[in-house]
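Note sheet for the following structure.
Since every read-out is calculated from the coordinates, none of them should be taken as a lab result. Treat the numbers as computed from the prediction; the structure is a model and nothing was measured. Because the Cβ atoms are built from the backbone with ideal geometry, glycine has one as well, and the counts that use them run over all protein chains shown.
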Amino acid sequence: MVDNDVGIIDRSFGFHTALEAAQRASTAAHMEAESAANGMALMKLMGWSTSHIALYSMLSIHEVDCCLIPRRTSTSVWLAGCLSSCTAFILEEGHTVVIRAEGAGQRLILRPDPQQQHDKSGNPVFVNIGAWLKAELGALAEEHAGELLMLKYIDPTYMVHTVAASNLD
């Protein structure tokens, strides 16, 4: 319920608390990226299909440059756009912060076991696209030989899940 993905209610329980924790993680990711020469922070946030935590975190923290959310048509064009945006931000600002929702880009890579699409409780099992995207961004860094690129992959899942409820929740 934390991701605010129930269509018939205005706000689900835990949304503001999770958003506050995600904002703190986004700020920390920005500091990591900004403190390194040509720094890039790739951060995973909750969001299977609606990605409200990732999206609202990006909108509330002005340091986030790109937010990858789930779409039906996540293709290589989608990835190329992400990579070119990251390159542009690094060249212009010297750093970039990318937030990736859990469900983003699931159609870009093959599942190791095509049968394993849902867990025992019926929830979808996601491919770890973060590690794959980190490798793709590492390949981008190799294309720009001679330029240092510091890439940090940040997964604040437990930081977001384990905080005490705020007064709004």
Mean Cβ count within 10 Å, highest first, over the residues of peptides 95-106, 12-23: 95-106, 12-23
Amide H partners (placed H, <5 Å) of Met150, local residues excluded: Gly39, Met40
By the DSSP-based rule, helices of the chain that are at least 20 Å long along the axis (C-alpha) and have a mean Kyte score of at least -1.0 are 15-34, 76-93, 129-143
Tell me, Glu93, Glu32 in order of fewest to most beta-carbon neighbours within 10 Å? Glu93, Glu32
List the relative contact order of segment 15-161 as a percent without decimals, with contacts defined as Cα pairs under 8 Å and 6+ residues apart. 35 percent
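Sum -39500 (n - 2.57) across every DSSP H segment of at least 4 residues in the chain, then divide by the residue count to get the 222 nm mean residue ellipticity, nearest 500.
-12500 deg cm²/dmol
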Work out, in µm²/s and without decimals, the Stokes-Einstein translational diffusion coefficient of the chain at 4 °C, 1.567 mPa s, Rh from Kirkwood over C-alpha pairs. 78 µm²/s
What's the exposure ranking of Glu63, Glu92, going from fewest to most Cβ atoms within 10 Å? Glu92, Glu63
Reach of Lys120 by Cα under 25 Å, taken over lysines that are not fewer than 8 positions away in the same chain: Lys44
